[in-house]
Amino acid sequence: MRTALLRITARVAVTTLLAGAAALGTGVLPASAATGTVVTDSGTGVAIRSGNATSFASVGTQPNGTVEIDCQVYGEPVTGKYGRSLIWDHIPGKGFITDSYVNTGSSGLIAPLCTSNPRADAAIAWYSSRNGSTAFQGYCEMAAENSFGKTAIWASATADWNDAVNRGVAHPGDLNPPKGALVFWNLAAPNGHVGVARGDGYFWATSVNGAIGLAKLPYYSNYRGWAWPNF
C-alpha cells in the first residue's frame, strides 16, 4: 500500500515538468493520457465529482476497473484504499475522482497537471467576495482554511507551514506558487502569516492594507514559501 508520505513527496520533483504539458481547458492532449485501476472494498466504485474536493457535487460513479486519466490536480486530501492523497484524477468527459482509490503504479503524478483547479477557484472567489473586510484581522489561518471550506485545522500559520516542512512538501523561497497554493510568511511571531496564491504572482490574504486584499508577492518581509493545503 502506498503511504501518505510517499504520495505527497514523490510528486514534488515532477510538478514543474508536468505543468507545462497541460493544454487549454481541464484536459490535455490524448497522447498525455494515462491509465489506472479503480479499486474499492465495496466494489461499487468511486464518486465522480465536478471538482477536486468532496464538497463538489457527485456527477456519477466510476466503477472498479481500468480508468483513463487525462490530467491530475491537487485538491482536498482523502484517505482511501491506497492511503491518504491530495491528488485528484480527471476522467475525460466526466469529472474528478480521488486518487486514493486508484492504483496507478505510482505514489505521485502520472499525468500532466490539469489547467483547471475548481477548488482553488472557489478559495480565490471566497477572498474576492470579502475584499476589504476586516472580519478576519488576526485570523489569517482561519481565513485560509475557511476559503477551502475547512476550519480549526491548525492553530496558526506557523503550525501549518511547519507541517508542510515536516512532510517534505514545502517550497521555501519560491515566489511562483501555483493557483490555490498557500503562501507563508514569518511574521507576527510566533503565529506567522498565510494567504492563498492566485497563480499569477499575486495572492489573497488578510492584513493587506489592514483588511482582506490582493497583493503581489512577496509584499511582506520574511517570505517563507508555499505549499499545497493539507486540508
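The values are calculated or read from the model by the stated rules, or taken from the named source; none is laboratory data. Not measured: the values here are computed from a predicted model. So basically every Cβ, Gly included, is an ideal-geometry build from the backbone, and we count neighbours across all protein chains shown. The accessibility values were calculated without ligands, DNA or RNA, using every heavy atom of the protein model including side chains. Shrake-Rupley method; radii C 1.70, N 1.55, O 1.52, S 1.80 Å.
The residues of the chain expose on average 42 square angstrom of accessible surface per residue, using a 1.4 Å probe on protein heavy atoms. The residues neighbouring D160, those whose beta-carbon lies less than 10 Å from its own, together hold a net charge of -3 under the Lys/Arg +1, Asp/Glu -1 convention. Given 25 °C and 0.890 mPa s, compute D for the stretch 78-133 with the Stokes-Einstein relation, Rh being the Kirkwood radius over Cα pairs; round to the nearest whole µm²/s. My calculation gives 187 µm²/s for D. Close amide H pairs (under 5 Å, H built 1.01 Å from N) link I69 with A34, T35, G36, residues at least 5 positions away or on another chain.
The GNM of the chain, with springs linking C-alpha atoms under 10 angstrom apart, assigns the highest mean-square fluctuation among G95, G132, G210 to G210. Shape summary of the chain, radius of gyration then Dmax from alpha carbon positions: 17.4, 53 Å.
Among the cysteines of the chain, C140 have no other cysteine beta carbon within less than 4.7 Å of their own. Taking other residues whose beta carbon is less than 15 angstrom from the beta carbon of G199, and scoring Lys, Arg as +1 and Asp, Glu as -1, yields +1. For G80, nonlocal amide neighbours, meaning residues 5 or more places apart or on other chains whose placed amide H falls under 5 Å from its own, are S85. Using Cα atoms only, what is the angle between the long axis of helix 157-166 and the major principal axis of the chain, expressed in degrees (0 to 90) to the nearest 10? With both axes taken from Cα atoms, the answer is about 40 degrees. Shape analysis of the stretch 100-187 places it in the prolate category; the axes a ≥ b ≥ c from the Cα gyration tensor give an a/c of at least 1.5, with a/b above b/c. Extent of the stretch 37-128 along its three principal axes (Cα atoms, max minus min coordinate, largest first): 41, 25, 23 Å. Straight-distance candidates among the lysines for linking to K179, with alpha-carbon spacing under 22 Å and chain neighbours fewer than 8 residues away dropped: K150, K216. Cα centroids of the stretch 173-198 and the stretch 123-152: 14 Å apart. To the nearest 10, the accessible area of H193 is 20 Å² with a 1.4 Å probe. Per-residue surface analysis assigns T66 an accessible area of about 110 Å², computed on protein heavy atoms at 1.4 Å probe radius.
In order along the stretch 55-62, the Karplus-derived 3J(HN,Hα) couplings, from 6.51 cos²θ - 1.76 cosθ + 1.60 at θ = phi - 60°, round to 6, 7, 4, 6, 10, x, 10, 8 Hz, and Gly and Pro are given as x.
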